[in-house]
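Asker: Please see the structure below; I have some questions.
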């Protein structure tokens, strides 16, 4: 009986995978549009402090290892795939009340897969969102990076949230 109840409360968060698929579709769609209409490295002003600028990132966040000899492409693909498997395993084990962390996981998962697609198909990640202030320029990024960042921020917030009060359960076992 306990195994049935445990299985019923676990895995219920797999239903959130639709959000990961949505992130992937929006990410790849916007990257395709950016690639089709933008000229590489040519900023297109959208509003003060924000341009669309098509760039290719062979590295990781903030172009980390972008100047490496090419091995980083498959390293980042492998790393993202391993992390994706771990995230899906974690998602499967979540309890029914852990919706916040489920959303965080699928946002990171969708972003990771969107960027993995780019690395495998193109050998680089397509970036096009470019924010700046005067002479300071934030590294260009994409919707996958945005989803990963939001998911990571949600995980950090979750670490500081007050845990559910389990005192009722402890009293029942006595």
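The values are calculated or read from the model by the stated rules, or taken from the named source; none is laboratory data. As the structure is a prediction and not an experimental result, all values here were calculated from the model. Heads up, the Cβs are rebuilt from the backbone with ideal geometry, glycines too, and the neighbour counts pull from every protein chain shown.
Asker: Please verify whether region 74-84 includes one or more residues that are over 20 Å from residue 21 (Cα atoms), in contact with a helix residue (DSSP H, G or I) (Cβ under 9 Å, 6 or more places away or on another chain) and either part of a helix (DSSP H, G or I) or free of Cβ contacts under 8 Å to residues at least 24 places away in the same chain (or both).
Answerer: The answer is yes, given that some residue of region 74-84 is over 20 Å from residue 21 (Cα atoms), in contact with a helix residue (DSSP H, G or I) (Cβ under 9 Å, 6 or more places away or on another chain) and either part of a helix (DSSP H, G or I) or free of Cβ contacts under 8 Å to residues at least 24 places away in the same chain (or both).
Asker: Please list, ordered by residue number, the helices (runs of 4 or more DSSP H) wholly in region 85-174 having 2 or more residues that are modelled with pLDDT of 90 or more and surrounded by 13 or more Cβ atoms within 10 Å (Cβ to Cβ). Write out each step before concluding.
Answerer: Details: elements: 99-122, 143-160, 167-173.
Passing ranges, in order: 99-122, 143-160.
Asker: Residue 40 versus (1) in a helix (DSSP H, G or I); (2) modelled with pLDDT of 90 or more: which is the lone unmet condition?
Answerer: Of (1) in a helix (DSSP H, G or I); (2) modelled with pLDDT of 90 or more, only one is false for residue 40: (1).
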